[in-house]
Structure formats: C-alpha cells, structure tokens
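Beneath this line is the structure, given in structure tokens, with notes to follow.
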Amino acid sequence: MSGSHEQHRSAAPRTVRCAVVTVSDTRTVETDASGALIRERLERAGHRVIGYAIVPDEAHEIGSVVDRFVDRPDCDAVLLNGGTGIARRDVTYEVVASRLEKRLDGFGELFRWLSYREIGSAAMLSRALAGVYRGKIVVAMPGSPGAVRLAMDELVLPELAHLVYEARK
C-alpha cells in the first residue's frame, strides 16, 4: 500500500492553485487573520492563491462564491474558513455538504481528533468537512486562527497535492 501512496504523491502536482474563502459577518481584509494565515501557508508551501473572498454567513452567498471558484479552470481547490460551528448563522457546513459529490469523512474526523488533543471536548462542536465537488477539492474548516493552523499544518498541506491528483482521475 505505501508504494502506491508514494507513487501517487510523486505524480501529484507540485503547485496547487487555490481559492481562499472566509465566511464571516464581521471580518474585513484587514482583520481576517485566518484567511491571511491560509494564504501565507499555501504560498510558503509553493502553492498559488488564485482568488480570495470574504462572504457573510448567508447560504446563497457562500454557495455562489464556491460555485464561481470551482468553475474556474485555473482553480484546483477551494479552502473555506468560518461558519462550521453550531450557531444559528453557521451555514458553511450545509452549503458545502450539499455540493459534495464525494466526502472525505476522514478530514473532519481527524480534525476533531487533533482538536480534542488541544481543546478537549469542545472539539465536538466543529463541523469541519472536505470532499470533491465538480472534480475540485473543497475544504471547510473553522474560522479561528488556531483551528486554521491545525487544519493547514497537520491535514491540508501534507495531502493537498495528493488530493488534487486523486480528484482529477
């Protein structure tokens, strides 16, 4: 098995073209620490940010921006942060889940397990998820900088190119 995994990794693209979406009613470009963190981590890893948006916690606006980025031929992945909790206005999970053709349940499971080690039982409140939509990778993570750092460093960046490679097959 590991040989196959390594072959896939070596065949994966070196640079992944990503859109970053922050879901928030209050953040601005100047105050969006989590969106900035995602963009910085991507670029430092050699990936390209092809788009960035901040949208309010409104299902139609989240869906519209995800659709727009996924439909771009120069986009391989859409990384969202925010709106994955259980508050009434948190609708990112519903919007993303309704679009996914294939779910990567392990992303949410592993994210919550890693979060549990850092923050304890409050990790169960996260509805982080990932999957494939129209042949593109879509990842939705919580909006706090700590959660973004954890998701990017431990899960997204180590597998992003491999995920894109698999989604293209």
- Query: Among (1) at positive phi; (2) in contact with a helix residue (DSSP H, G or I) (Cβ under 6 Å, 6 or more places away or on another chain), where does G46 come up short?
  - Reply: (2)
- Taking the options Y165, Y93, name whichever one is out of contact with any Cys (no Cβ under 7 Å at 6 or more places or on another chain), in contact (Cβ under 8 Å) with a residue 24 or more places away in the chain, within 25 Å of R44 (Cα to Cα) and assigned to a helix (DSSP H, G or I). Y165
- Given (1) on the phi < 0 side of the Ramachandran plot; (2) not in a helix (DSSP H, G or I), E109 misses just (2)
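Within segment 112-147, can you find the residues that are within 20 Å of R17 (Cβ to Cβ) and assigned to a strand (DSSP E or B)? Don't jump to the end; show me each part of the working.
We begin by selecting, within segment 112-147, every residue within 20 Å of R17 (Cβ to Cβ); these are 130-141.
Result: A130, G131, V132, Y133, K136, I137, V138, V139, A140, M141.
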- Note on the structure: Restricting segment 75-121 to residues that are crowded, with 18+ Cβ neighbours inside 10 Å and hydroxyl-bearing (S, T, Y), the one farthest from A53 (Cα to Cα) turns out to be S115
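Could you pull out the residue among S10, S64, S34 that is hydroxyl-bearing (S, T, Y), modelled with pLDDT under 95 and either at negative phi or surrounded by fewer than 19 Cβ atoms within 10 Å (Cβ to Cβ) (or both)? Steps first, please.
Values: S64 fails: modelled with pLDDT under 95; S34 fails: modelled with pLDDT under 95.
One residue alone meets the criteria, S10.
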- Message: List pairs: first residue in segment 113-127 and at negative phi, second residue modelled with pLDDT of 95 or more and of a type in the set (D, E) anywhere in the structure, Cβ distance under 7 angstrom, at least six positions apart or on different chains.
- Response: L114/E154
- Message: Among the residues of segment 124-142, what is the count of those that are buried (at least 19 other Cβ atoms within 10 Å of the Cβ) and farther than 18 Å from A77 by Cβ?
- Response: 2
- Item | Qualifying residues in segment 120-136 (those that are of a type outside the set (D, E, K, R) and farther than 14 Å from G106 by Cα) - the one nearest to the chain's Cα centre (by Cα) | Y133
- Within segment 61-90, work out how many residues are farther than 15 Å from V23 by Cα and part of a loop (DSSP other than H, G, I, E, B). 6
- If we scan segment 52-60, do we find a residue that is crowded, with 18+ Cβ neighbours inside 10 Å and either among the β-branched types (V, I, T) or free of Cβ contacts under 8 Å to residues at least 12 places away in the same chain (or both)? yes
- Task: Spot the failing condition for R149; the list is (1) surrounded by fewer than 16 Cβ atoms within 10 Å (Cβ to Cβ); (2) more than 21 Å from G35 (Cα to Cα), and only one is missed.
- Result: (2)
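Output the number of residues of segment 104-144 satisfying the condition of being charged (D, E, K, R) and closer than 25 Å to R27 by Cβ. Walk me through how you get there before you give the answer.
So the first thing to find is which residues in segment 104-144 are charged (D, E, K, R), and the list is 105, 109, 112, 117-118, 127, 134, 136.
Then keep just the ones that are closer than 25 Å to R27 by Cβ; that gives 112, 118, 127, 136.
So the answer is 4.
The values are calculated or read from the model by the stated rules, or taken from the named source; none is laboratory data. The shown structure was predicted, so the numbers you read here are calculated from the model rather than taken from an experiment. In this analysis, Cβ positions are derived from the backbone assuming ideal geometry, glycine residues included, and neighbour counts consider all displayed protein chains.
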